[in-house]
1. Of these, Y79, Y93, which one is of a type in the set (S, T, Y), modelled with pLDDT of 95 or more and open to solvent by 20 Å² or more (accessible area, probe 1.4 Å)?
2. Using beta carbons and a limit of 8 Å, which pairs, at least six apart or on different chains, have the first residue in the stretch 90-115 and closer than 9 Å to Y37 by Cβ and the second one in a strand (DSSP E or B) and of a type in the set (D, E)?
3. Could you list, in sequence order, all residues of the stretch 66-103 that are closer than 13 Å to E6 by Cα and part of a loop (DSSP other than H, G, I, E, B)?
4. Would you be able to say whether some residue in the stretch 43-60 is in a strand (DSSP E or B), more than 20 Å from V101 (Cβ to Cβ) and aromatic (F, W, Y)?
5. In the stretch 82-97, how many residues are more than 13 Å from L18 (Cβ to Cβ), of a type in the set (F, W, Y) and touching a Phe, Trp or Tyr at 6+ places or on another chain (Cβ under 8 Å)?
6. Pairs, please: C-beta under 6 Å, at least 6 apart or cross-chain, first residue free of Cβ contacts under 8 Å to residues at least 40 places away in the same chain and in the stretch 58-80, second open to solvent by 40 Å² or more (accessible area, probe 1.4 Å) and polar (S, T, N, Q)?
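The values are calculated or read from the model by the stated rules, or taken from the named source; none is laboratory data. Values in this document were obtained by computation on a predicted structure and should not be read as measured data. In this analysis, Cβ positions are derived from the backbone assuming ideal geometry, glycine residues included, and neighbour counts consider all displayed protein chains. Each accessible area value is taken on the protein alone, full model and side chains, heavy atoms only, with ligands, DNA and RNA left out. Shrake-Rupley method; radii C 1.70, N 1.55, O 1.52, S 1.80 Å.
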Amino acid sequence: QVQLVESGGGLVQAGGSLRLSCAASGSIIEAHDMGWYRQAPGQQIELVASITTRDSTYYADSVKGRFTISRDNAKNTLYLQMNSLKFEDTAVYHCNVATGVLFDWGRGTQVTVSS
């Protein structure tokens, strides 16, 4: 059973930075296009960044230039560096595959940005 465990969230002031990590069981990170998703209260989950197995990246317009997605295949870990955080980035952040059938969602990590 695939397990995705997100960490690194917290409370930060607007303009601050956080680095999220997603630890995956097995070689999930290496074998799949991976993405970071977020869900704000009362809103649908949205894909904010993704990285292919060939390290091509995609960013939603709302985070472009501020967030950077990366992967460490040797550590089976996906990262999301978030800079210049805004109040509207407040959400629970999850990792999962970016294409194909989603794995079971992990618990996510809460990011709260104070204005």
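1. Exactly one residue qualifies, and that residue is Y79.
2. Matching pairs, first to second residue: Y93/E6; H94/E6; C95/E6; G108/E6.
3. The answer is N76, and nothing else.
4. yes
5. 0
6. These pairs meet every condition: R66/N83; R66/S84; T68/Q81; I69/T57.
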